[in-house]
Amino acid sequence: MHTDVQRTRWGGVADGRFRPGGFFRVGQADGVFWLIDPDGGRFLSKGVNTVCFEQDYIRNSDRSPYAEACRKKYGGELAWRAAIACRLLGWGFNTLGSWSDQAVAAAGPVPLALAPNLDLGMSVAWQHNERVKSGPRQEFPDVFDPAFDTHVRRRARKLCTPCRAEPGIVGWFIDNELRWCADWRGPDDLLTLFLKLPATSPGRAAADDWLRRRHGDAAQASLPADGDAFAALVAERYFILTTAAIKAADPNHLVLGSRFALRPSPGVIEAAGRHADVVSFNCYELDANESLAAYAAAGKPTLIGEFSFRGDDAGLPNTIGAGPRVATQAERAACFRRYVTAALRHPALVGYHWFEHADQPAEGRFDGENSNFGTVTIDDSPYEGLTHAMTSVNAEAEALHSAATVIV
């Protein structure tokens, strides 16, 4: 970090523009969005995902190569946590992204903030699919089922209420990469998915009734425009119910959105903007600016929940996993610098979280991914070029964002 910048214990810029509030919140200065840390600092959430000792197990096994290497290197998890916290802070990061060991946050000389993912809505579908083995699976949670509201409120109370007084939580991600539109998981839009549910399900009944009101009894087949309109309807109900559940359980922390994957229709983004405090999205492209502009149209600050670049010189297959592949680690570092520097020039951006802490096993993790996503190798050796670029960009991030071009 630049030594001439006065910072709070959270890493925010302590320039007196904002007053302390005890918890993270959002604000604007000269038309530029910021997170405001509990001590009143201008804060950008610079995070790394999956910071955990047993990050990945080899698919269909009980072996975690990263954990095996770290057990030899550090002796155990306590020493690992202290070392990793110091290392992340040294690289200029201030946040543990989703799926991280939360104990790392307090293991260093100053705290790291937390941004956990609740899987609030999708856990409804997972439970349904586990319970009902026959018939169509829920590829998206049935938000029209009264049990959806009951479930998300119960889960929010369980996960959020015990943490409501913790100052170090930036906020809660509602879910991760729900299937809002056709994507790598299949060609069906949300309307088609709901029409494929059993006839007795609330979601199927809601879709049928909606189509009937829209087109009359004769129109059972949907038109292309119906998909976007129905997705907006689903999004409104989803964000109303999940955000209300989180706020009821924990009124002190931000709702960070649902980590959109492929960009959904504008109506879905607008619904997120109406209810969440921050609109989050994952963007595995060479440049995030087109996506930033689309999500910022909702009028809320935006946060990139995942992005990454993979180098083909790391000795990993890189055959399964999202995002661009480049030839060398030097190109990987250059991609990080270009991506984040450009994104920081957008006034809506309030954070960026790299995927992920350590490389994946060459044999593939639970879903087969086998890629060079890490800041460190599977043996916990840092990628020096990449982490040097991260350190440099993280140090100048607030200055770059202060100079963001305000769009009017």
Next on the checklist: What are the pairs with Cβ atoms under 9 angstrom where one residue, in the range 144-160, is closer than 23 Å to Ser201 by Cβ and the other, located anywhere, is among the aromatic types (Phe, Trp, Tyr) and crowded, with 21+ Cβ neighbours inside 10 Å? Sequence gap at least six, or different chains.
Outcome noted: Phe144/Phe194; Phe148/Tyr238
Item to check | Every residue from the range 149-202 that is modelled with pLDDT under 95, aliphatic (A, V, I, L, M) and under 20 Å from the mean Cα position of the chain (by Cα) | outcome: Ala182
Checklist outcome for this item: With the first residue restricted to the range 46-60 and required to be touching a residue at least 60 places away in the same chain (Cβ under 8 Å), and the second required to be aromatic (Phe, Trp, Tyr) and outside any loop (DSSP other than H, G, I, E, B), Cβ contacts under 8 Å at 6 or more apart or on different chains are Lys46/Tyr352; Gly47/Tyr352; Gly47/Trp354; Val48/Trp354; Asn49/Trp354; Gln55/Tyr66; Asp56/Tyr66
Checklist entry - Of all residues in the range 358-388, how many are more than 22 Å from the chain's Cα centre (by Cα) and aliphatic (A, V, I, L, M)? => result 2
Checklist outcome for this item: Matching residues in the range 107-135 (touching a residue at least 60 places away in the same chain (Cβ under 8 Å) and either farther than 24 Å from Phe260 by Cβ or hydroxyl-bearing (Ser, Thr, Tyr) (or both)) number 3
Checklist outcome for this item: Checked the range 196-214 for anything among the aliphatic types (A, V, I, L, M) and surrounded by fewer than 18 Cβ atoms within 10 Å (Cβ to Cβ); matches are Ala199, Ala205
Next on the checklist: For the condition of a type in the set (Ser, Thr, Tyr), in contact with a strand residue (DSSP E or B) (Cβ under 7 Å, 6 or more places away or on another chain) and touching a residue at least 40 places away in the same chain (Cβ under 8 Å), what is the one hit in Thr319, Thr302?
Outcome noted: Thr302
Next on the checklist: Which of the numbered conditions does Ala296 fail, given that it passes all the others? Conditions: (1) touching a Leu at 6+ places or on another chain (Cβ under 9 Å); (2) within 17 Å of Leu120 (Cα to Cα).
Outcome noted: (2)
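Residue by residue, here is whether (1) within 18 Å of Trp180 (Cα to Cα); (2) touching a helix residue (DSSP H, G or I) at 6+ places or on another chain (Cβ under 7 Å); (3) of a type in the set (Lys, Arg) holds:
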{"position": "Ala205", "(1), (2), (3)": "no, no, no"}
{"position": "Gly227", "(1), (2), (3)": "yes, yes, no"}
{"position": "Thr242", "(1), (2), (3)": "yes, yes, no"}
{"position": "Ala249", "(1), (2), (3)": "no, yes, no"}
{"position": "Asp287", "(1), (2), (3)": "no, yes, no"}
{"position": "Glu290", "(1), (2), (3)": "no, no, no"}
{"position": "Ala293", "(1), (2), (3)": "no, no, no"}
{"position": "Ile304", "(1), (2), (3)": "yes, yes, no"}
Next on the checklist: Restricting to the range 280-333, and then to whatever is within 25 Å of Tyr383 (Cβ to Cβ) and among the β-branched types (Val, Ile, Thr), can you tell me which residue is surrounded by the most Cβ atoms within 10 Å (Cβ to Cβ)?
Outcome noted: Ile304
Checklist entry - Among Glu139, Glu77, which is free of Cβ contacts under 8 Å to residues at least 40 places away in the same chain and among the charged types (D, E, K, R)? => result Glu77
Checklist entry - Of these, Gly323, Gly351, which one is under 30 Å from Ala293 (Cβ atoms) and assigned to a loop (DSSP other than H, G, I, E, B)? => result Gly323
Next on the checklist: Suppose we filter the range 368-399 for residues that are in contact with a helix residue (DSSP H, G or I) (Cβ under 6 Å, 6 or more places away or on another chain), of a type outside the set (D, E, K, R) and surrounded by fewer than 17 Cβ atoms within 10 Å (Cβ to Cβ); how many remain?
Outcome noted: 0
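The values are calculated or read from the model by the stated rules, or taken from the named source; none is laboratory data. Being a predicted model, the structure only gives us computed values, none of them experimental. Virtual Cβ from ideal backbone geometry, glycine too; neighbours counted across all protein chains shown.
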